[in-house]
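See below for the structure under consideration.
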Amino acid sequence: MSEGVEWALHSCLNLAWAEPGEAMTAKRLAAFYDLPPAYLNKQLQALARAGIVTSTPGPRGGFRLARELEQITLLDVVTAIEGPGEAFRCEQVLRNGPDGREDVDYRLACAVSQSMRRAELAWRKELAGQTLADIRATVERRHPRTPQRTRDWFASRRG
């Protein structure tokens, strides 16, 4: 998984803690964690294509959450950034081994492939079962001052 997933998740949380109605530029969001703005902008554009954030052009433009955090799962963000493809792709290497056969679909017959698919299904199920609201609640319980500190940080860097 790319670092863009981590950046996108944290950016969504920061958008949730921003002043209501405030749009955030990729540059401001990137500055919060000292990230490269152009690369973060690509991640934010992917989130916009997925309907997770909206993008407004212009001098007062920027990014806002498109949905409530309760409606955004971790899997939504991962899929927006990484795409819907499987993390493990069985290339049927067994077919090329000493006992390999052309008439066998090793994606179905291979124990490695079966185990990896089960693990990926469990991983996707776990990501789909957690929303950004769940993450926000955990952060706010552990670090109650985070929302205000985030707003204060962005307020001190307007413009």
Checked against (1) under 19 Å from L44 (Cα atoms); (2) among the small types (G, A, S); (3) loosely packed, with under 15 Cβ neighbours inside 10 Å; (4) touching a residue at least 40 places away in the same chain (Cβ under 8 Å), A80 satisfies every condition except (3)
Here the qualifying pairs (Cβ atoms under 6 Å; residues six or more apart or on different chains; first in the stretch 23-47 and within 21 Å of D76 (Cβ to Cβ) and touching a residue at least 24 places away in the same chain (Cβ under 8 Å); second outside any helix (DSSP H, G or I) and open to solvent by less than 50 Å² (accessible area, probe 1.4 Å)) come out as A23/G61; A23/G62; M24/A18; M24/G62; M24/F63; L44/F63; L47/V53
Does any residue of the stretch 59-67 turn out to be surrounded by 12 or more Cβ atoms within 10 Å (Cβ to Cβ) and either free of Cβ contacts under 8 Å to residues at least 12 places away in the same chain or among the basic types (K, R) (or both)? yes
All conditions in (1) touching a residue at least 60 places away in the same chain (Cβ under 8 Å); (2) under 16 Å from R151 (Cα atoms) are true of G4 except (2)
Check your understanding: Does F88 satisfy being of a type in the set (F, W, Y), open to solvent by less than 80 Å² (accessible area, probe 1.4 Å) and closer than 22 Å to P147 by Cα?
Key -> no
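The values are calculated or read from the model by the stated rules, or taken from the named source; none is laboratory data. It should be emphasised that the depicted structure is a prediction, and the values quoted were computed from it without experimental measurement. All Cβ positions, glycine included, derive from the backbone under ideal geometry; neighbour counts span all protein chains shown. The area values use the complete protein model at the heavy-atom level, side chains included, leaving out ligands, DNA and RNA. Shrake-Rupley method; radii C 1.70, N 1.55, O 1.52, S 1.80 Å.
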